[in-house]
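Notes follow once the structure below has been shown.
Readers should treat all values here as calculations from the given coordinates under stated rules, not as data from a laboratory. Keep in mind that this is a model prediction, so the values were computed, not measured. Every residue, glycine among them, receives a Cβ derived from its backbone with ideal geometry; neighbour counts consider all protein chains shown.
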Amino acid sequence: MNEGERPASILILGGGTAGWMAANLFQHWWGKLGTRVALIESSDIGIIGVGEGSTPQLKAFFDKIGISEQEWMPRCNATYKAGIGFIGWSDRPGFESYFHPFPSTADAQTANKFFFNTQARRTGRDVWAHPDRFFLNSAIARQRRAPVTAGDAAFQTSYGYHFDAVLLGRYLKEVATSRGVEHVDAKIASVELAESGDVAALEADDGRRFEADFFVDASGFRALIIEQALGEPRRSFAGNLFNDRAVVAPTPLPKEGPGCCTLSTAKSAGWIWHIPLTNRIGNGYVYSSRYIDREDAAAELRSHLGLSDDAEVRHLEMRVGRVERSWVRNCLAIGLAQGFIEPLEATALHIVVTTVEGFIAEVDSGGMDEAARDRFNDSMARRYEGIRDYIVCHYRAALRRDSDYWRDAAAMTELSDSLKGIITAWFRGARLESEVAAQDIETYYSAVSWHCLLAGYGNFPDESKLRPPGPDAALVDMDEIDRLIAGGAEAFPPHAEALGMLEDAA
Ligand SMILES: Cc1cc2nc3c(=O)[nH]c(=O)nc-3n(C[C@H](O)[C@H](O)[C@H](O)COP(=O)(O)OP(=O)(O)OC[C@H]3O[C@@H](n4cnc5c(N)ncnc54)[C@H](O)[C@@H]3O)c2cc1C
């Protein structure tokens, strides 16, 4: 392959969600231009089989490859997701929980008022500054509505999904192969490098050899090509993200059916996710093995879920960090092979899409030379660090102090300059939205998200120190906000009804 040309053939190693998403995207963008796309996976090894929550990027992915919700959602037991509720991360009265909403057009009218009030409260005025009353998706989740409306509705909102990871992988495989992606079941035993150092071929344990112009490493935490063969170092995030294990168990749906949000409940050494699908609830305790062992973590999960002491659970290990460069020679790493932050904000599949699309855009505009690789790798590194900082901020800003885990998290000093800038702006009473804009980090997490996090845990002066707002700070009429949000929420159907309509259409 000559530099500057699109690859004639792409071989993806790994048939987890990351591999099949990439296969669909490459086929969609480059298949019609003549690039041959193939995917190798090993049915002996299987996939990780967790990762059941998304950001709105998954909707953008399906829209792009032309698949409707009616087609894919019922096949994957999928539900709508308006955002994430954080429970028990703070013991500040009035701030024991908060909701992190995906944004909506209605937020344009309320977000600035929320920003204004949080700044007033940070500077000691007694005004309402908990996020939940300001955002449409918070009301939608509370009222168990679906964040979808008819196209001509006054308010639109953005949303993600919950889905069965195994069914989603199978579905994406079916779509990709029906559109021309070649599928091979083989267990790769070694990676052959050419004299130049590029990847020449993958060799299976039965002697088969697979060549391609370009390789995508989607082999999960094994990182078979990028790390094991090409030797790209991995930068660990363990210094400020303590969690390295998870223990998972499903539970039946409650009788009121699935809600439309993920819940994240703080526990003694981590947090437990609650992800509602149409047929079950997915639960998992993400914890740090430095603070709790696997048996105690499993016991804490079972007790949280009301399960018996011998209820079956599954244990997982997590490698938290990223490869230094995602694109090395003729190989692009995606999914868990590329990196993993931790699942708190369900960002992994989001990064898969931005990595593959960023790569395609870079090659289409700049070719495949050294400069294009450097530009792309810098932008991926910034994205990882940007998302990592937001997750780190959850632990740093949480106001829970009842175990060593939470006390150490609050005392953590290994913070990036960017995150220090955010935290300093917040506690000095500066305009946080200006700091987010000045740092140009809005594309990773918006000013709304940063405000929700810091305000949601109650990072304000003690209530006893607050003074009456005074005329300058009493500008936000909370009754009007309540009316606006309540009126907006009425346009959205009950979640159960929206899911029923998808089933009927399928
Ligand atoms: C506890 C936990 C919770 C998570 N929650 C979320 C979430 O809510 N949202 C989210 O977006 N993400 C989440 N993730 C991340 C998510 O699970 C992954 O990003 C996603 O499943 C994609 O994984 P993958 O395809 O990279 O790897 P895998 O699913 O592990 O797939 C690896 C593939 O490589 C193949 N393979 C490996 N070695 C070989 C070989 N030698 N020969 C042939 N084939 C091989 C395997 O057979 C498999 O097909 C979570 C992860 C963890 C650990």
Among S178, L332, V127, whose Cα projects farthest towards the positive end of the dipole of the chain, with charges put on the beta-carbon of Lys, Arg (+1) and Asp, Glu (-1)? V127
Largest-first principal axis extents of the Cα set of the chain (Å): 75, 51, 51
For segment 53-145, what is the convex hull volume of its Cα atoms per residue in Å³? 125 Å³
Global geometry of segment 165-259, whether rounded, prolate or oblate, following the gyration tensor of its Cα atoms and the 1.5 cut on a/c: oblate
Show me the three semi-axes of the equivalent ellipsoid for segment 191-326, from the C-alpha gyration tensor (sqrt of 5 times each eigenvalue), largest first, rounded to whole Å. 38, 19, 14
Volume per residue that the Cα convex hull of segment 1-59 spans, once the total is divided by residue count, Å³: 109 Å³
What is the diffusion coefficient of segment 1-125 in µm²/s, taking the Kirkwood radius over Cα pairs and the Stokes-Einstein relation at 25 °C with a viscosity of 0.890 mPa s? 129 µm²/s
The chain: antiparallel DSSP beta bridges as a percent of all, rounded to 5: 70 percent
Stokes-Einstein D for segment 212-264 (4 °C, 1.567 mPa s, Kirkwood Rh from Cα pairs), in µm²/s, comes to 82 µm²/s
Give me the one-decimal Kirkwood hydrodynamic radius in Å for segment 429-504, with the sum taken over alpha-carbon pairs. 16.5 Å
Note down the magnitude of the dipole of the chain about its Cα centre, charges +1 on Lys and Arg C-beta and -1 on Asp and Glu C-beta and zero elsewhere, to the nearest 20 debye. 1000 debye
Once a ≥ b ≥ c are taken as the square roots of the eigenvalues of the Cα gyration tensor of segment 32-93, is the result rounded (a/c under 1.5), prolate (a/b larger than b/c) or oblate (a/b not larger than b/c)? prolate
To the nearest Å, what is the center-to-center distance of segment 138-217 and segment 474-506, using C-alpha atoms only? 32 Å
Take A430 and A474, extend 7 Å from each Cα along the Cα→Cβ direction, and tell me the distance between the two endpoints in nm. 3.1 nm
Label point distance in nm, D185-T413, each placed 7 Å from Cα along Cα→Cβ: 5.5 nm
Tell me, what is the percent relative contact order of segment 23-158, built from C-alpha pairs under 8 Å that lie six or more residues apart? 21 percent
Taking the C-alpha atoms of segment 79-191, how large are the radius of gyration and the largest Cα-Cα span, Dmax, in Å? 21.0, 64
Taking 331-343, 302-314, 411-423 and ranking on average Cβ neighbours within 10 Å, highest first, one gets 331-343, 411-423, 302-314
Pairs of Lys in the chain closer than 30 Å at Cα, counting only those 8 or more apart or on different chains: 21
Taking Cα pairs under 8 Å and at least six residues apart, what relative contact order does the chain come out at, in percent? 25 percent
What percent do you get for the relative contact order of segment 227-299 when only Cα pairs under 8 Å and 6+ apart count? 32 percent
Would you mind computing Rg(Cα) / (2.2 N^0.38 Å) for segment 380-506, counting N as its residues? 1.39
